[in-house]
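These notes are about the structure you will find just below.
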Amino acid sequence: MKFLRAMKKIKIKKQIIAAVMACVLGIGGIYSVHASVINDAKNKKNEAQQELDNLNSQIDEIQAAQSDLQEEMDAYDDQLMALLTDMDLLENDMDAKQDEIDQANADLEVAQEKEQTQYNAMKTRIQYMYENGDSNYWEAMMGATSITDLLNRVEYVSEVYDYDRKQLTAYQETVQQVADLKDQLNAQLAEMEELKISYEDQASSLQALIAEKSAAMDNFDAQLASAKSLASQYANTIKQQNQIIANEQARQAAEEAAARRAAQQQQQNAGNQSNTTGSDTNASASGSGTGLTSSGLNPAHTTNVSGSDVVAFASQYVGYPYVYGGNSLTEGADCSYFVMACFGQYGISLPRNSYSMQSCGQAVSYDCAQPGDIICYPGHVAIYMGNGRIVHASSPTNGICYGSATYRTILTIRRVL
């Protein structure tokens, strides 16, 4: 009996060991199967994460390039808006100048009619007195009652002739003055028309640049949309692989727990058999579980440079050519370079374009303008000489020349000396 009991205990121990080994092997098999799936998911996740990181870097670069490009486009838009504003002001100046020309034409017609009328009246009197027969003239002379009367008659005829001649000369001078004014107005209008063409060319260039930048922006938008779409796909891939990993880890934990519970149950059953076999009494064993601008503005000078010296220096170049975008006082300069170079001769630093010069220095009223002040027009700048005169790089036709300070609308006057 003792031998049989011993053999039975050995058998039960073997069953317990077998159950434990089965549990270990089962858990190992479960881990191996799930580890393969989890590793594959992790590899796919890492690849997707690497691609996502690369795309995010590309997105940052694209957005930075977009930001830079947008700043350029905003700057071009500002320049275009300023240019269009200058063009509107120029159109107003041209309309006003055309009205002056129309008035000059009307005045010229009136003056010419008066000149012709005076000439015809004078010719008629001369013809009457001298050409229709000397007899009337001599009869008038012979009809004199005395020497005094004779002299009076001769003097009267001479006075009539002198009056006619003076009136005709006065009318002729008026006609010439009006004609000269008309020519001057036409020249100013022609200068404005050249400036208008220059504005239109600049506007076309700016619009072409804006269109080019806009196309580049569209390309960036397309690149950004494509990159974001791919990034979304990779993010979804990462999310899916994370879900696969989580699911596999949950299954692995559940299966391992089930294997442990099965092994524990087998151990418990074997223990119960052992306890029952090893005792003559019915003892039981228990298992365990786990679980813009006011008047009177006249700021003080801030430098020791004489405005008259600047004017004298600028005047040396009167007669030299105007070249749009030109950077030479002798070979050719535009308005802003001319002003910049003249002030630069005296150590005064100014921006290269006329638009920026409108903000330089301090504002000055026209009634307080002094030689050396900068007069800013729409799209144009000039150096004030005093007495209502300017020196400036005017146009391709006029080159660097003198002119009237009020020949166009003044936007602002700046004092930089």
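The values are calculated or read from the model by the stated rules, or taken from the named source; none is laboratory data. Every value quoted in this text rests on a predicted model; they were computed, and no experiment measured them. Quick reminder, even Gly has a Cβ in these numbers, built from the backbone with ideal geometry, and neighbours come from all protein chains shown. Side chains included, ligands, DNA and RNA excluded: accessible areas come from the protein's heavy atoms. Shrake-Rupley method; radii C 1.70, N 1.55, O 1.52, S 1.80 Å.
Once R0 is set to 25 Å, what does the formula 1/(1 + (r/R0)^6) return for the Cβ-Cβ distance between Gln49 and Ala257, expressed as a FRET efficiency to the nearest 0.05? The partial results should precede the final answer.
Values: r = 31 Å, r/R0 = 1.23.
Calculated value: 0.20.
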Quiz prompt | Surrounding net charge for Gln243, when Lys and Arg each add one and Asp and Glu each subtract one, Cβ distance under 13 Å | solution = +4
Exercise. Could you tell me what percent of the accessible area of the range 307-415 is made up of carbon and sulfur, with a 1.4 Å probe and every protein chain present?
Key: 48 percent
Self-check item: Å² of accessible area per residue within the range 307-415, as computed with a 1.4 Å probe and no ligands counted
Solution: 38 Å²
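By the gyration tensor of its Cα atoms, with a ≥ b ≥ c the square roots of the eigenvalues, what is the shape of the range 307-415: rounded for a/c under 1.5, prolate for a/b over b/c, or oblate?
Numbers: a/c = 1.37, a/b = 1.31, b/c = 1.05.
It is rounded, given that a/c, with a ≥ b ≥ c, falls under 1.5.
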Self-check item: Whole-Hz couplings from phi, Karplus 6.51/-1.76/1.60, listed for the range 403-417; x for Gly and Pro
Solution: x, 7, 5, 9, 5, 9, 5, 8, 7, 6, 10, 10, 10, 10, 9
Exercise. Return the sequence-ordered ³J(HN,Hα) values of the range 381-393 in whole Hz as given by the Karplus equation 6.51 cos²θ - 1.76 cosθ + 1.60 applied to θ = phi - 60°, using x for Gly and Pro.
Key: 9, 8, 9, 6, 9, x, 6, x, 10, 10, 10, 7, 7
Self-check item: Karplus (6.51, -1.76, 1.60) ³J(HN,Hα), θ = phi - 60°, over the range 96-109, in Hz, Gly and Pro reported as x
Solution: 5, 5, 5, 4, 5, 5, 4, 5, 5, 4, 5, 4, 5, 4
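Take the Cβ-Cβ distance between Thr303 and Glu91 as r, set R0 to 25 Å, and report the resulting FRET efficiency rounded to the nearest 0.05.
Values: r = 37 Å, r/R0 = 1.49.
Efficiency, from the Cβ-Cβ distance: 0.10.
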Practice problem: Calculate the length of the line joining the C-alpha centroid of the range 169-195 to that of the range 44-76, in whole Å. | Solution: 63 Å
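Could you give the length gained on full extension between Gln176 and Leu189, defined as 0.36 nm per residue of separation minus the Cα-Cα distance, in nm? Kindly include the intermediate steps, with their values, before the conclusion.
Working: separation 13, 0.36 × 13 = 4.68 nm, distance 1.97 nm.
Full extension from Gln176 to Leu189 adds 2.7 nm.
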Quiz item: Taking a probe of 1.4 angstrom, what is the accessible area of Ile244 in Å², to the nearest 10?
Solution: 70 Å²
